[in-house]
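A short reminder: the numbers here are calculations on the coordinates, not readings from a lab. Just so it is clear, the model here is predicted, and its values are computed rather than measured. All Cβ positions, even for glycine, are placed from backbone atoms using ideal geometry, and neighbour counts span all protein chains on display.
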Amino acid sequence: MSDVLAERARIEKEIAGRTLIDSLAETVRTRGAEPAYSDRHGVAEGESWRTLTWAQTRDLALDVASALVARGVAVGDTVAIMATNRVEHFVADMGAVHAAATPMSIYNTLSPDQVAYIARESQPAVVVLENADHVARWSDALAATPSIRAVVVLDPAARPDRDDALTWDELVTLGAEHRVTHAEELQARAEALHPDAPATILYTSGTTGNPKGVVLTHHNVQYEAISTLEAAGLHDPQVAVSYLPLAHIAERVLGLYGPQIQGSHQHAIGDPAELLATLGEVHPTAFFGVPRVWEKIKTGLSARLAADPDPGNVAMVREAMAAGLAWVEAQEVGGTMTPEIEEAYRKADESILAFLRLLLGLDRVTWAGSAAAPMPLEVAKFMAGLGLKVFDVYGMTETTGAVTANGPGGFRLGTVGRATPGMEVRLGDDGEVLVRGPVVTPGYHHQDEATRLLIDDDGWVHTGDIGTLDDDGFFSIVDRKKELIITSAGKNIAPSNIENYLKESPIIGHAMAIGDGQPYVVAVLTLDGEIARVVAQQHGLEHDSLADLAAHPHFLAMAQEAVDAANARLSRPEQVKRWTLLPEEWTAESAELTPTLKLKRRVVAANYAEEIAALYEG
């Protein structure tokens, strides 16, 4: 415990009295001419990206801050932002901070009812929207929220018919003019801003019920950014791709807060479908993906390799990836590296592995991470076979992100690592993961009872996750406490293990295991639309839709193979006895998944109640 407290004191000393305004000013002082944010909007002819330096980013943020003040935004007011990942989104967030307001990035996929709920609770003073779709999602909230003083649109064509509406360019022009005569206002607000003031409110996407607004302070986010960068061994500015929603805590830490402290360069893309192409163009030095992203990379590369008609090439790749996996496993805590393993990896890397990483755009990556859900071990091993160590980390919005992490200082595949610097992490009597330290939220916005259920009297966050802890201090996450299946025979079963095994089949996009209170486990499966169409083309299967493929005997047989392969690795009570392959795909836009691609189990159970009931009939 003394080591933990010493690490905490060291980081606390580094950020004492500082806010994000101070951190950005320091980065501009040391790296002002270096690139900060790039995107593809309004690029000059012959160029692929428009780029702002750190000095330009701060100057534009100050213009936005001054405009917010001019429009009546008071200290502590909230500013809601619904936009894709682009320069204006980052600048709007920083501008709100420099006005001593509280920015809130809102998931682009939320329904009008969900948006209206958030607006009622948070009462934003200003709303920043990107396009007509976002204006439509906010239409009810804009009409019913009296606190709104201005609606800013990035796309001028989407400007709503309101007296208080203005375009982004008009906002910036207003701010630049106001700064000339009122510069002291921003200075006074910056000097008065306390590290314990909110830096953001993030409304969790939630797998059940209405979202809750997680308040995170300047102190929270700066401590988290520094401890995360330390655990990752990222001591210098990085080149990265920003593609996850900025309402996601991981993207905020890695794409917004960390870069402000470190001076990294972010390439922002608004459509995650562009990710793989962007990786091949940018070749980032650091890359973070939720498990589904790594699964898609695995299945995509696997499909390309499987399509090679030369069995000699297939055998060469398989042998090389075995050498890559052995090389990574030898570096795990408890592993042993030998000259033979080193030499085998060197040859494999020269022959094919380096080329495969180049093909993926991951050839320059020195740190690769995953979070939001436990990384399936087979996916981690596949990446290790390429010579990539994907470090699984664990945390939640309520802890400002990661509280445990694997990293170059120590890792073990299949775990979420050890506690990050200065954090206390332990298991409760029932195996629940408990967390205490400087990254813990002060609470939910206007939800005191929910806060009391989250944080106990001793300051421990009750995460709701069931974990295990090995002798070397590595944590593993078993499942959500409330999602464990208890069969009618009293067997406790973790559904995520079953689901991860099922999704190892390249054709399976998502899977949900069911069995609470039932005599046996069943599963609802969906196809991976992209891979399924490739497989159909390879086998000459005619189809008009994904539903046709889901009903085709070839895919039903492949799904059965996936179930059989999973069952071979499961105990008898865990095995899937019956299953159904649905005729549609689940995406971030569908009701069954959160914006971070986690299952909404209650929604799936309700939407497919008849299909699930049929699995228990007869």
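Brief remarks on what is shown
- Beta bridges per DSSP with both ends in the chain, % antiparallel, nearest 5: 55 percent
- Panel order for Ser476, Ser2, Ser105, Ser147, by other beta carbons found within 10 Å of each beta carbon, from fewest to most: Ser2, Ser147, Ser476, Ser105.
- Spatial offset of the stretch 156-230 relative to the stretch 576-607 amounts to 34 Å, using the alpha carbon center of each.
- In order along the stretch 560-568, phi translates into HN-Hα couplings of 5, 4, 5, 5, 4, 5, 5, 4, 5 Hz, rounded to whole numbers, per the Karplus curve 6.51 cos²θ - 1.76 cosθ + 1.60 with θ = phi - 60° and x for Gly and Pro.
- Contact order, relative form, for the stretch 189-312: 20 percent (alpha carbon pairs under 8 Å, 6 or more residues apart, mean separation divided by residue count).
- Backbone amide hydrogens, once placed in the peptide plane, bring Val153 within less than 5 Å of Leu129, Leu166, Thr167, Trp168, excluding anything fewer than 5 places away on its chain.
- HN-Hα J in Hz across the stretch 280-285 - Karplus 6.51, -1.76, 1.60, θ = phi - 60°, x for Gly and Pro: x, 8, 7, 6, x, 8
- Alpha-carbon radius of gyration plus Dmax, which is the widest Cα pair, for the stretch 484-615 in Å: 14.5, 47
- Relative contact order (percent, whole number), the chain, Cα cutoff 8 Å, 6+ residue spacing: 11 percent
- For the chain, the alpha carbon positions stretch 72, 58, 58 Å along the principal axes, listed from largest to smallest.
- Estimated [θ] at 222 nm from DSSP helical runs (n ≥ 4, -39500 (n - 2.57)) normalised by residues in the chain, nearest 500: -12500 deg cm²/dmol
- The stretch 321-338 - phi-based ³J(HN,Hα) in whole Hz, Karplus 6.51/-1.76/1.60, Gly and Pro as x: 5, 5, 5, x, 5, 4, 5, 5, 5, 5, 8, 5, 4, x, x, 10, 8, 10
- For the stretch 575-618, trypsin sites (Lys or Arg not before Pro) meeting the loop criterion (DSSP other than H, G, I, E, B) and having at most 13 other Cβ atoms within 10 Å: none.
- The stretch 1-109: GluC sites (Glu not before Pro) in DSSP coil with no more than 11 other Cβ atoms inside 10 Å: Glu45, Glu47
- Amide H to amide H distances under 5 Å link Ala36 with Leu52, Thr53, Trp54, where only residues 5 or more positions off or on other chains count and H is placed in the peptide plane.
- For the stretch 484-615, share of DSSP beta bridges that run antiparallel, in % to the nearest 5: 65 percent
- Rounded to two decimals, the Cα-based Rg/Rh of the stretch 422-544, with Kirkwood Rh, is 1.13.
- In this rough spin-label picture, where each label sits 7 Å from Cα along the Cβ direction, the Glu34-Ala551 distance is 5.8 nm.
- Per-residue Cβ neighbour rank within 10 angstrom, fewest leading, Thr415, Thr30, Thr145: Thr30, Thr145, Thr415
- Cα-based shape type of the stretch 1-149, given that a ≥ b ≥ c are square roots of the gyration tensor eigenvalues and the cut on a/c is 1.5: oblate
- Computed over the stretch 484-615, relative contact order equals 24 percent, with contacts defined as Cα pairs under 8 Å that lie 6+ residues apart.
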